[in-house]
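Trainee: First, the structure itself, so that you have it in front of you.
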Amino acid sequence: MPIPPQPITPQQLEDLIREVELEDPIDYADLPFDEEALRALVANRLCEMTAAMKDFSDQDRYLSLLAVSAKLLLENLVLHVQLLRRDGVPLNETSEALLRRLRDDK
């Protein structure tokens, strides 16, 4: 089944983000930004990106969104490890094992 160019509205995506955050909360800490405004910014940007792919094949759209997701997950991992190291917080066993495995693969 083909994926429509705009399968979701920004508001629906914001709602999904909130739903995911129930299981995996984001620590906004003391950022000087409104959480709702940040969700809206992200939802709007992602919907704009998806709409710009309207002429892509289903496979190319899927691969593009997968690549964006992978890049964001990688960036999140790097930032998280940098913050832990900066604050002198030891990594948990799972994170340490992952990083050890990555170092050993070099």
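The values are calculated or read from the model by the stated rules, or taken from the named source; none is laboratory data. In this text, all values refer to a predicted model and were calculated from it rather than measured experimentally. FYI the Cβ positions are ideal-geometry reconstructions off the backbone, even for glycines, and counts take in every protein chain you see. These accessible areas exclude ligands, DNA and RNA; they are computed on the full protein's heavy atoms, side chains included. Shrake-Rupley method; radii C 1.70, N 1.55, O 1.52, S 1.80 Å.
Trainee: Among the candidates LEU84, LEU66, which residue alone is out of contact with any strand residue (DSSP E or B) (no Cβ under 9 Å at 6 or more places or on another chain) and modelled with pLDDT of 90 or more?
Mentor: Values: LEU84 fails: modelled with pLDDT of 90 or more.
LEU66 is the lone residue from the list that is out of contact with any strand residue (DSSP E or B) (no Cβ under 9 Å at 6 or more places or on another chain) and modelled with pLDDT of 90 or more.
Trainee: So how many residues does segment 38-53 have that are open to solvent by 60 Å² or more (accessible area, probe 1.4 Å) and without any contact (Cβ under 8 Å) to a residue 12 or more places away in the chain?
Mentor: The total comes to 4.
Trainee: Here's another thing I want to ask about it. What are the residues in segment 54-93 that are open to solvent by 90 Å² or more (accessible area, probe 1.4 Å), of a type in the set (Asp, Glu) and either part of a helix (DSSP H, G or I) or in contact with a His (Cβ under 9 Å, 6 or more places away or on another chain) (or both), if any?
Mentor: Passing the criteria: only GLU93.
Trainee: Please work out which residue is nearest to TYR28 (Cα to Cα), limiting yourself to segment 94-106 and to residues that are of a type outside the set (Asp, Glu) and open to solvent by 100 Å² or more (accessible area, probe 1.4 Å). Give the steps one after another, and end with the answer.
Mentor: Of all residues in segment 94-106, those of a type outside the set (Asp, Glu) come to 94-95, 97-103, 106.
With the extra rule that they be open to solvent by 100 Å² or more (accessible area, probe 1.4 Å), the set shrinks to 94, 100-101, 103, 106.
Values: THR94: 24, ARG100: 29, ARG101: 30, ARG103: 31, LYS106: 34 Å.
Only one residue fits best here, namely THR94.
Trainee: Suppose we keep only residues that are in contact with an Asp or Glu (Cβ under 7 Å, 6 or more places away or on another chain) and assigned to a helix (DSSP H, G or I) within segment 28-42. Which one would you say is farthest from ILE17 (Cα to Cα)?
Mentor: Here is the first cut: in segment 28-42, the residues in contact with an Asp or Glu (Cβ under 7 Å, 6 or more places away or on another chain) are 28, 39-40.
Narrowing the set further to residues that are assigned to a helix (DSSP H, G or I) leaves 39-40.
Values: ARG39: 7, ALA40: 10 Å.
Ranking the candidates gives ALA40 first.
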